[in-house]
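See structure below.
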Amino acid sequence: MAGTGKAHLRSGDALLRVEDLVVEFPVGRTGLKVNAVSGISFDVMRGETLGIVGESGCGKSTTGRGIMQLPSPNSGAVVFNGQDLSQLTGSDMREARTKIQMIFQDPISSLNPRRKVRDIVKEPLDIWKRGTSAEQDARVDKVLEDVGIDPQRAAESQPHQFSGGQCQRISIARSLVLDPSLIICDEPVSALDVSVQAQVLNLLEDLKAAYGLTMIFIAHDLAVVKNISDRVAVMYLGKLCEVATSDDLYRRPAHHYTKVLLDSIPVPDPSRPVAHGRIEGEPPSPVLPPTGCRFHTRCPAASDRCRNEEPQMRDVGDNHFVACHHPAWGGDAPVSITR
Amino acid sequence: MSDFLEVTDVFTHFETPRGQVRAVDGVTFTLERGKTLGIVGESGSGKTILSRTIMGLLPTRGTVRGGTIRYKGEEIQGRAPSEMRDIWGKQMAMIFQDPMSSLNPLMKIGMQIAEPLIHNLDMPKDQALATAKRLLDDVRIPESVKRLNQYPHELSGGMRQRVMIAIALACGPNLLLADEPTTALDVTVQAQILDLLREQRQDRNMSMILVTHDLGVVAGHTDEIAVMYGGKIVEKAPTDGLFKNMLMPYTAALLESIPKMNRPSHTRLTTIPGRPPDLVSPPAGCRFAPRCPAAQERCHSEEPPLSSAGSPGHVYACWYPVGSPVYREAIERRAKETV
């Protein structure tokens, strides 16, 4: 994986278009740097949900934050609604952020524990002086009701009086109150129990339709991402491996890393044999990423070419894009893996 | 009947300012040598407290315990820590969810593995360190000699969990309690750790209790599954039998609420409405009744006992199990109402 390239970018009415995004963090004063995100490109059409999956440290959260310019990426363009966010000044960026909202993994720590829930949800309206006081109240009540929180109780209670699932609903309400067009969800259901997770996922789907939202859904759980996304991008060590429609990606993964990820998921069905597409070891350090394809150190199909030359994203048909020299299918010389 | 581990009518209640929390409330099961029991449940179902009760790792103050836990024919419930020391490590060992906070950050890996060998088995230090190296090889940590002299922060999360497993295995326990051993890990690493646990269990003829919230994890790695809800076992069956024939509506609802890889994206998830019961004042009757799609009057007043499902080892606690006429009728009626 580990590919660059923009073959997968579409023409047309993209709400968000990210090109060659690079985010690096210095490692102390060593002169070294963490290559968190190394030149990725993707686009999100209006009304679409893009899923970004990958393991810890692959740069998926950094990508989400890079879009928000938190922190500003080292290079690359983030074009939102025709405006390059990386070129905006402070106050223009603040204004632009009202249209892009984030929801985080830990709902309890993302709410101020000392304030009343209703005030937390109302605060963005206060800051931006949106409407009269009565209009603000009406807006807050509506949004709270839409996420399934009783506005009366929200006015009287603090976050600790709500469960984790309810706190996540409150976070969602806060993100919706300014009427954003893009919501970036960073592992929004990872901290929740499965029964509550299903409630929140259904809620996100409903709100997406009701509020006309576009979503970026970042998560490590492939089944969750598949369920909610239209298109999925797989990341590994700061690079994109594969981009395809959700159903197609899962039906016929072309990248060997995607295949390994899918095979690793424990399936709640004992009659299905445990898959043996295991890979050994763990991802290498993003401080000194491998040359060529970043996955070549663990890839069952790696060749000399993979060690030296970085694969470019290319179309293998049906809107399915892969950055691999020897994809499982759709390549010039398909490689069958026998192990 | 097995005399390896017999847990009979065990309860663990905690005194709190709000009243007694009935965390584990009358649990009975047996475990044979060499077998794996999966305990599945959501947060607050009592699964972790049950495993800690068996291990004898509970605070003494404010804890009310009852029932019997017989290990190899001997009663171990309520033993003082000084008496449990003969059992911890040599007979029973436990691994926890968070490998970072379970390891001593100031002690080298080698010494942490050697410590139980020195204390429990009176092994000389050099011999203990040599054994530690062998254990690191067993849990497939590369460059084991070098690792002996490293500190936990120098290892990745997956490697730390391998070290935890090595420590747990050090004194050759017959029973391994694993409390969410892979929840903090990435899927590819999770698959590796689960394979490792299976292999070590088979090599050592160990029994294992695998506590998890993930039905996918237990499906592939256990012989038998106990589903917990509100401090009680609500269904218990051999793994294959349970997935073929789920009788308790909670078990079925739990499985239904998980997004499945083989369903198309945007499939509406079946949710379990409401939240788990408050264990200070649990509902009378069946504890799942307030959330159950098929609950009848009887369910709210009379608690269903664990009764046999007909097939060997399959028990469930429900008046109107999945597939029964009353259940089917209730589900159909509900489906009509929502249309």
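Quick note: the coordinates plus some simple rules give every number you see, no bench work behind them. Everything quoted here is computed from the prediction, not taken from an experiment. Don't worry about glycine lacking a Cβ; one is built from the backbone with ideal geometry, like all the others, and counts go over all protein chains shown.
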- Can you give the three extents of the C-alpha atoms in the range B:234-277 along their principal axes, from longest to shortest, in whole Å? 32, 28, 10
- Selection from A:Val37, A:Met102, A:Met68, by position along the positive dipole direction of the range A:4-124 (Cβ): A:Met102
- Note on the structure: Ratio for chain B, C-alpha Rg to 2.2 N^0.38 Å, reads 1.07
- Dipole of chain B, positive direction: furthest Cα of B:Gln97, B:Phe29, B:Ile167, with charges on the beta-carbon: B:Gln97
- Rounded to a whole number, what is D in µm²/s for chain A from Stokes-Einstein with the Kirkwood radius over alpha-carbon pairs (37 °C, 0.692 mPa s)? 156 µm²/s
- Query: Taking R0 as 60 Å, what's the FRET efficiency between A:Asp315 and B:Ser82 from their Cβ-Cβ distance, rounded to 0.05?
  - Reply: 0.30
- Residue range of chain A that is longest and free of chymotrypsin sites (Phe, Trp or Tyr not before Pro) which are both DSSP loop and sparsely packed (at most 15 other C-beta within 10 Å): A:129-328
- Anyone know which of B:Arg160, B:Arg328, B:Arg263 comes out most mobile in the 10 Å Cα GNM of chain B? B:Arg263
- What's the exposure ranking of B:Tyr316, B:Tyr151, going from fewest to most Cβ atoms within 10 Å? B:Tyr151, B:Tyr316
- Compute the semi-axes of the equivalent ellipsoid of the range B:206-274, taking the square root of 5 times each eigenvalue of the Cα gyration tensor, and list them largest first in whole Å. 22, 15, 11
- Summed over the other residues with a beta carbon less than 10 angstrom from that of B:Val315, with K and R at +1 and D and E at -1, the charge totals 0
- Item | For the range A:1-116, the fraction of alpha-carbon pairs in successive 5 Å shells from zero, as % | 2, 10, 18, 21, 20, 15, 9, 4, 1, 0
- Any idea what % of Cα-Cα pairs in the range A:141-183 are farther than 18 Å? 20 percent
- Message: Report, in listed order, any pair from B:Lys35/B:Lys236; B:Lys236/B:Lys260; B:Lys47/B:Lys232 with a Cα-Cα distance greater than 18 Å.
- Response: B:Lys236/B:Lys260
- Query: Assigning unit charges at the beta carbon (Lys, Arg +1; Asp, Glu -1) and nothing else, what dipole magnitude in debye, to the nearest 20, does the range B:189-339 show about its Cα centre?
  - Reply: 360 debye
- Just for the Cα atoms in the range A:181-270, what are the lengths along the principal axes, largest first, rounded to whole Å? 37, 33, 23
- Query: Could you give the longest part of chain A that holds none of the GluC sites (Glu not before Pro) found in DSSP loops with at most 14 neighbouring Cβ atoms within 10 Å?
  - Reply: A:1-279
- Task: State to the nearest 20 debye the size of the charge dipole of the protein assembly as shown about its Cα centre, where the only charges are +1 on K and R beta carbons and -1 on D and E beta carbons.
- Result: 540 debye
- Note on the structure: Within the under-14-Å Cβ sphere about B:Ala128, not counting B:Ala128, Lys/Arg +1 and Asp/Glu -1 give a net charge of +1
- Message: Sorted from largest to smallest, which semi-axis lengths in Å does the alpha carbon gyration tensor of the range B:2-48 give for its equivalent ellipsoid, taking the root of 5 times each eigenvalue?
- Response: 26, 13, 6
- Wrap a convex hull around the Cα atoms of the range A:92-201, take a quarter of its surface area, and give that in square nanometres. 6.7 nm²
- Using all C-alpha to C-alpha distances in the range A:202-324, build P(r) with 5 Å bins and read off the rounded percent in each one. 2, 10, 18, 20, 19, 15, 9, 5, 3, 1, 0
- Note on the structure: Here the equivalent ellipsoid of the protein assembly as shown, derived from its Cα gyration tensor, has semi-axes (largest first, whole Å) of 41, 34, 25
- Scoring only Lys, Arg, Asp and Glu (+1, +1, -1, -1) among other residues with Cβ under 14 Å from the Cβ of B:Glu180 yields -3
- Query: Any idea which of B:Cys286, B:Ser324, B:Pro312 is furthest toward the positive side of the dipole for the range B:186-339, if Lys and Arg beta-carbons carry +1 and Asp and Glu beta-carbons -1?
  - Reply: B:Ser324
- Dipole in debye (nearest 20) - chain B, about Cα centre, beta carbon charges: Lys, Arg +1; Asp, Glu -1: 440 debye
- Kirkwood Rh over Cα pairs of the range B:56-172 into Stokes-Einstein at 25 °C, 0.890 mPa s: D in µm²/s? 160 µm²/s
